1. Count, please, the residues in the stretch 161-178 that happen to be of a type in the set (Val, Ile, Thr) and farther than 13 Å from ASP148 by Cα.
2. With respect to ASP266, is the statement that it is outside any helix (DSSP H, G or I), modelled with pLDDT under 95 and within 21 Å of the chain's Cα centre (by Cα) true?
3. Hey, among LYS146, LYS130, LYS141, which residue is charged (D, E, K, R), closer than 25 Å to PRO283 by Cβ and outside any loop (DSSP other than H, G, I, E, B)?
4. For the stretch 336-350, how many residues are touching a Gly at 6+ places or on another chain (Cβ under 8 Å) and under 17 Å from PHE366 (Cβ atoms)?
5. Taking the residues in the stretch 326-352 that are within 30 Å of HIS206 (Cα to Cα) and in contact with an Asp or Glu (Cβ under 8 Å, 6 or more places away or on another chain) as candidates, determine which candidate is surrounded by the most Cβ atoms within 10 Å (Cβ to Cβ).
6. With the condition kept exactly as written, say whether any residue in the stretch 189-198 is more than 16 Å from ligand 2 (Cβ to nearest atom), crowded, with 21+ Cβ neighbours inside 10 Å and modelled with pLDDT of 95 or more.
7. Do you know which residues across the stretch 411-430 are exposed (fewer than 15 other Cβ atoms within 10 Å of the Cβ) and not in a helix (DSSP H, G or I)?
8. Quick one: which residue in GLY149, GLY91 is on the phi > 0 side of the Ramachandran plot and either of a type outside the set (Asp, Glu) or without any contact (Cβ under 8 Å) to a residue 60 or more places away in the chain (or both)?
Amino acid sequence: MNFLVIGNGGREHAIIWKLAQSQKVEKIYCTLGNAGISNLAEVININVDDFNSLLKFAIENKIDYTFVGPEVPLALGIVDVFNAKGLKIFGPSKKGALLEASKSFAKKFMQKYNIPTAQYHTFTDFNLAKNFFETSWPKSKKVVVKADGLASGKGVIMCQNRQEALLAIEEIMQNKSFGTAGNTIICEEWLEGQEISVLAFVDGKHFSIMPAAQDHKRVGDKDTGLNTGGMGAYAPTPIATKELLNKVKNEIIPNIINGLQNENIDYKGVLYIGFMIDDKGTPYVLEFNCRFGDPETQVILPLLETDLVDIVEHVISGTLDNLNIKWYKKSAVCVVLTSGGYPQKYEKNIKIFGLNSIKENEAIVFHAGTKKDKAGNILTSGGRVIVLTSIADNIKSAIDKVYSVTQKINFDKMHYRKDIAQKALKWIKK
Ligand code: AMP
Ligand code: GLY
C-alpha cells in the first residue's frame, strides 16, 4: 500500500514511524515533512491547503490512504474533497472538524447532547460583551475568554478578574489579534483541576479509546511561564482512574457519537477530548480536537501493539467493532527539546548535535522542527525541535530513562522541561 501523510511535526513523524512498521506498507510520502521524516518517507513539497495539487498527487502516485495530521486541512474540508473523488482518507469531514474549528459549535453540541462542560456565554458584538462584563460579572471573578475559531492553540486568554476580561475581549474582538477567528468569542467559567487528554479512534458508529495521556503546556518547570503547543507528555496517566474511564466510555463518548449521528456528521478518524478533572474526580470537557495531539501521539503510538494500517482500514470502512486493538502494558514519557525563546521569538537554522548517539532502546528520536542542509547537517527549523520518547515498565522508569539521554542531544540555546510526568508520581503518592 502507498500512504500519503499530511503534516510536518513530531506527531507526523510518530505516525509515519508506526506506519513504516507495517508489513502492508510499501511506500510513504509526506508533505511537507522534516529531516527525521525524510529517513522513512519521500518528502514532497505541496502545501497542506493546496487540495488540487494534493488530489493530483494522490491519483498519479496511486495512494491507497491519505492520513491527515493537523487540523487546518481538516477544517478546510480536505476529507470531503478526497471522498468526492473516491479517495480514501483518514480524518473527519469538514462538518466533523467544526468540533475543533468552532468553539461555539462545540459548546452548543455539548449542551445539546448532555456532555459535561463549563458554563459559558457567546458574543458576536463587542459592546454586548463589554456590557455583560461591566454589569453582570463580579469584579474579582476569574473567567476564560476564547476566540471561537482556530488560533494555533493561542486563542485562549485566562483572566484573573473583570478588568483582564475587558482587555481580553478588546484584544480579540477589536484588535483582531487572532483575525477572523475572534469574530465570535466564548466567555467560560474557569475550571480548576487536572487536565488530561483522552483520544479515541472513531469510525462514525463505533469507537476505541487509547491510553489516556497528560500534556505539559507551560514552557517552564512546575507549570510556569507561557502556554506552548506542548513541552512533553506521558501515558497512561494514573489521573484517568478506572471509574473515570468507565464514565468516558459508557456515557460521554456514546453521547458524542449519538450527537454526531443525529447531526448527520460523518466522523471517521481520531477524536481528541481535552478534559479537566476536578478534585472530586468529575470530568468536564474543555475542548475537542479532530486529530491526533502533539506531543501526545509521540507517547501513545509507541504503546500501540496493533498495526496502525489495520486501524486505518477499519476506521474508514466503519468496522472498528471487528478489530481488537491491543496496547503494550508499558509507560511512555516524552520530552520536547525546544529552541530557546519559544513560544516567543527564537532563532532557526542552528546545527543539532548528537542525534545519532541515542539508541532506539534508550529513546525514540522524533523530529519536529528540523531540516537538512545541502551538506547533510540537521538544523533547527521551528520552536519545538526534537521529541525524545522512552518506554519502560512504569512511569518512574520511563522518566529516568528519557532524562538519562536528553543531554546527548544539544544545540545552541536548547531548552526543555526537567519535570515531565512528575505529576503522575505525585498523583500515585496521594
Ligand atoms: P482550549 O483550546 O479550549 O482547550 O484551551 C487551551 C487551554 O486553556 C486548555 O488546555 C486549558 O489549559 C485552558 N483552559 C481552557 N478552558 C478552560 C477553563 N474553562 N478553565 C480552565 N482552564 C481552561
Ligand atoms: N497537545 C495539544 C494539542 O495537540 O492540541
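1. Taking the stretch 161-178 as the starting set, the residues that turn out to be of a type in the set (Val, Ile, Thr) are 169, 172.
Applying the additional criterion that residues be farther than 13 Å from ASP148 by Cα yields none.
So the count comes out to 0.
2. On the way: outside any helix (DSSP H, G or I): yes; modelled with pLDDT under 95: yes; within 21 Å of the chain's Cα centre (by Cα): yes.
When the stated conditions are applied, ASP266 passes them.
3. After ruling out the rest, the residue left standing is LYS146.
4. 4
5. Initial filter on the stretch 326-352 (within 30 Å of HIS206 (Cα to Cα)): 326-334.
Next cut, in contact with an Asp or Glu (Cβ under 8 Å, 6 or more places away or on another chain) only: 326-328, 330-331.
On the way: LYS326: 11, TRP327: 14, TYR328: 12, LYS330: 18, SER331: 26.
Among those that are within 30 Å of HIS206 (Cα to Cα) and in contact with an Asp or Glu (Cβ under 8 Å, 6 or more places away or on another chain), it is SER331.
6. Within the stretch 189-198, the subset more than 16 Å from ligand 2 (Cβ to nearest atom) is 189-193.
Next cut, crowded, with 21+ Cβ neighbours inside 10 Å only: none.
Within the stretch 189-198, none of the residues are more than 16 Å from ligand 2 (Cβ to nearest atom), crowded, with 21+ Cβ neighbours inside 10 Å and modelled with pLDDT of 95 or more.
7. ASP412, LYS413, LYS418, LYS430
8. Working: GLY149 fails: on the phi > 0 side of the Ramachandran plot.
When all the criteria are applied, what remains is GLY91.
The values are calculated or read from the model by the stated rules, or taken from the named source; none is laboratory data. Because the structure is a prediction, the values reported are computed rather than measured. No Cβ is skipped: glycine too gets one built from the backbone with ideal geometry, and neighbour counts run over all protein chains shown.
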